[in-house]
Amino acid sequence: MDKKQGVNTDYVVIKAIEDGVNVIGLTRGTDTRFHHSEKLDQGEVMIAQFTEHTSAIKIRGHAKIVTPFGEIVSEKKE
């Protein structure tokens, strides 16, 4: 698989620690928009990738996120 210049093809792993974690993909380009969303329940895992269309991933809810740069746990919404 060829990597396109300027596009990070690393994967991000998101594991829901509680029900109702929202994962939202945002578009690349001059206008940033939502282009995809998923809802994860406790224990579910999603593997996401930054592509030529996805420039950012927003995670809302209590989840563990694993990237090539390290791990982080998002906080519960109070």
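Summary of values
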{"quantity": "Selection count, the range 1-11, where residues are open to solvent by 90 Å² or more (accessible area, probe 1.4 Å), of a type outside the set (A, V, I, L, M, F, W, C) and modelled with pLDDT under 80", "calculated": "4"}
{"quantity": "Selection from the range 12-36 of residues that are at pLDDT below 90, open to solvent by less than 70 Å² (accessible area, probe 1.4 Å) and not in a strand (DSSP E or B)", "calculated": "Gly29"}
{"quantity": "Residue in the range 43-61 that is among the charged types (D, E, K, R) and under 15 Å from Asp10 (Cβ atoms) present", "calculated": "yes"}
{"quantity": "Tabulated pairs, the range 8-29, first within 11 Å of Asp41 (Cβ to Cβ), second open to solvent by less than 30 Å² (accessible area, probe 1.4 Å), C-beta under 6 angstrom, 6+ apart or interchain", "calculated": "Ala16/Leu40; Ala16/Ala63; Ile17/Ala63; Gly20/Gly61; Val21/Leu40; Val21/Gly61; Val21/Ala63"}
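The values are calculated or read from the model by the stated rules, or taken from the named source; none is laboratory data. Keep in mind that this is a model prediction, so the values were computed, not measured. Cβ coordinates were reconstructed from backbone atoms using ideal geometry, including for glycine residues, and neighbour counts include every protein chain displayed. Accessible surface areas use protein heavy atoms only, side chains included; no ligands, DNA or RNA. Shrake-Rupley method; radii C 1.70, N 1.55, O 1.52, S 1.80 Å.
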